[in-house]
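Trainee: Can you read through this structure? Questions will come right after.
Throughout, read-outs are computed from the coordinates displayed, never taken from laboratory work. Keep in mind it's a predicted model, so treat the numbers as computed, not measured. Neighbour counts run over all protein chains shown; Cβ positions are idealised from the backbone, glycine included.
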Amino acid sequence: MRLAIPEARLRVLVVDDDADTIESTALLFQMQGHETKTARNGVAAIEHSKAFCPDLILLDIAMPKMDGFQVLHELRGIQCVAESTIVAVTGYANVADRRQCAEAGFDLHFPKPLDFGILEQLVWLLQQSSRLRERSSELAAVQSETLMDLIRTTLQMANTFLDVSINTTSIEVRERCIGKAEKTHRKMTELVARCSPNHTELTAALDELQWRAKRLRL
């Protein structure tokens, strides 16, 4: 797999109790020039996050003693991790699992084994998110199918947030999930407009997401 040279160096934390998974995933980011740290358990992940302040955290769910949900709860209380993108990484990938991750507060849900192509596009998206307006001409040239896959995955998670908001009895969870879906809609609408304005499938999915969110706000 050919890796693109990144425009900005990210801080990435990979959390998993499986040595092979950690090594292969961390190597991917290191080869792209990103600063990468690893943790084999929840306690180490929390300590690393306090000092490292990662931009991106890939967090395994099924870890012993302290699972990914417990770790996420602690991470969200760390000030320098407040804006980090935290991805749930799990072998459980059905609708119920995505809903559970959405309700817990994860930003994305990626099933195992990880698709390294999508990971690369996620990194690209994080690098570019603050520069979309200034670099629209460059973004318009990007037509990678893996980027489209990432957008589809992101929209799927946004709809899962809305599903959770419908079924939860917690007002806090409801508001958080609707807010995350609306934020995703704004970001993905801008990205699709610049990268693939004629992609009718994604445009329709964005329209449906917006319609669902508006209905829940009524």
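Trainee: Can you tell which of SER170, VAL192, LEU206 lies farthest toward the positive end of the dipole of region 132-218, using +1 and -1 charges on the Cβ of basic and acidic side chains (Lys, Arg; Asp, Glu)?
Mentor: In region 132-218, that residue is SER170.
Trainee: Then there is this: At most 16 other Cβ atoms within 10 Å and a DSSP loop assignment: could you name the chymotrypsin sites (Phe, Trp or Tyr not before Pro) in region 50-134 that fit?
Mentor: Numbers: sites: PHE52, PHE69, TYR92, PHE106, PHE116, TRP124; in loops: TYR92, PHE106.
Filter output for region 50-134: TYR92.
Trainee: Among [x] 9, 33, 31, 18, 8, 2, 0; [y] 8, 33, 38, 19, 2; [z] 8, 27, 29, 21, 11, 4, 1, only one was calculated for this model; which label is it, if the read-out is P(r) over Cα pairs in 10 Å bins from 0, in percent?
Mentor: Answer by label: [y].
Trainee: Taking only pairs that are 8 or more places apart or on different chains, how many Lys pairs in the chain have Cα atoms under 21 angstrom apart?
Mentor: So the count works out to 8.
Trainee: Arranged from highest to lowest average of other beta-carbon atoms within 10 Å per residue, in what order do the peptides 210-217, 22-29 appear?
Mentor: Details: 210-217: 13.8, 22-29: 18.1.
The packing order, highest mean first, is 22-29, 210-217.
Trainee: Here is a further query. Loop-only check: which trypsin sites (Lys or Arg not before Pro) in region 1-91 are DSSP coil with at most 14 other Cβ within 10 angstrom?
Mentor: For trypsin sites (Lys or Arg not before Pro) across region 1-91 that sit outside H, G, I, E and B with at most 14 neighbouring Cβ atoms in 10 Å, the list reads ARG2, ARG9, LYS65, ARG76.
Trainee: Looking only at the chain, where both bridge partners belong to it, what percent of the DSSP beta bridges are antiparallel (to the nearest 5)?
Mentor: That works out to approximately 0 percent antiparallel.
Trainee: For region 1-79 and region 146-218, write down the distance between their C-alpha centroids in whole Å.
Mentor: 25
Trainee: Around GLU35, with a cut-off of 12 angstrom between Cβ atoms, what is the net charge of the other residues, counting Lys and Arg +1 and Asp and Glu -1?
Mentor: +2
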